1. Cα gyration tensor of region 194-235, axes a ≥ b ≥ c as square roots of the eigenvalues: rounded (a/c below 1.5), prolate (a/b > b/c) or oblate?
2. Counting only other residues whose beta carbon sits under 11 Å from that of Tyr236, what net charge do I get with K and R as +1, D and E as -1?
3. Would you mind checking which residues have amide H under 5 Å from Phe115's amide H? H placed 1.01 Å from N; only 5 or more apart, or other chain.
4. What residues qualify as long-range amide H neighbours of Asn204, i.e. H under 5 Å apart, gap of 5 or more or another chain, H built at 1.01 Å from N?
5. Which order do peptides 52-61, 71-80, 230-239 fall in by mean Cβ count within 10 Å, highest first?
6. So which aspartates and glutamates pass the test for Lys44, namely a Cα distance under 20 Å, with those fewer than 8 places away in the same chain ruled out?
7. Under 15 Å from a point placed 7 Å out from the Cα of Asn49 along the Cα-to-Cβ direction: which residues of region 87-125 have their backbone N that close?
8. Net charge near Ser158: determine it from the other residues with C-beta under 15 Å of the C-beta of Ser158, scoring Lys and Arg +1 and Asp and Glu -1.
Amino acid sequence: MKLSFPRSNRVQRLRRPLLGACLLLVAGFAPTLMSGCSGGASSKNGFLNQNTGLYTSADQPVGNGVAHTFVDLKNGLPLRQGMEFTTAALDGFSTNTPSLAYIGPMPTVTNGSQFTNVVLTHLPAAIAGTEQFQLSILVRAATVTGEPFSLERASVASSEIPAGFTRSTSAQQPTGVVIPGGGVIYSAGQNQSQSNLYYASHLNGILLGPTLDQLRSKQTLIQSIPQPAIYPRDGYFPTKWEITYDTTRLVHVLEFTDFIRAPKFVPPGS
């Protein structure tokens, strides 16, 4: 079944706290900074192009259902980006071991978003305490790495970590089965709904951890994404994530929205 994304069918939003994902942090390293496109000589927006509309990847099996990624663009600039999956995709997983449910690229269309790949992992209650999905959108393609995890464990400048985020003490490995090549994880205090992944000292992804009970409840969840002072590169980054359920098409949507262009970023090659 091929999925579609009409905006008119999205359900009414209400705010709820999201529980979930196990998370991680470090400090150090101070790069030279570059300014974004807010004005001056760098005001020309090199991300603008003719790509407008909704672009989707091919369906992949997830659980007993299917899923695919999408990006919604206007003149090359991202409006929404994420994953949609059928209700059946919530079922059919192991009750004892984690399952790599989905791994693949975002739609390969030129745009300003810096997130190009997705990893979706299912964690059973036997592992996580409550059954959950971990959805990671990554800057780099996901790869499986091993010890000594030097790039995953590389120090991160405090300016690249949102205020209040600290390294998780519960995660024993910064990468591996759950988030291949994702990087070290940081999260904000007791709010484990959203965390950041760092690789080679810079932001490499954003991770959400909704429980399957929350998804099955079909409640709409919306939260802001804490922002760093310095971004890993020039380009567009989301400031909000949303989980909605489409009552007409019977599908779940996990998406990142409200993109802004990085006001300050690390120069290429740093």
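Each value in this text was obtained by applying a stated rule to the coordinates, not by laboratory testing. Small disclaimer: the values here were computed from a predicted structure and weren't measured. In this analysis, Cβ positions are derived from the backbone assuming ideal geometry, glycine residues included, and neighbour counts consider all displayed protein chains.
1. It comes out prolate by the Cα gyration axes.
2. Neighbour charge sum, excluding Tyr236 itself: 0.
3. none
4. Hits under the 5 Å cutoff: Leu197, Tyr198, Tyr199.
5. Ranking the peptides 52-61, 71-80, 230-239 by packing returns 230-239, 71-80, 52-61.
6. The qualifying aspartates and glutamates are Asp234.
7. 106-116, by backbone N distance to the label point.
8. Net local charge, Ser158 excluded: +1.
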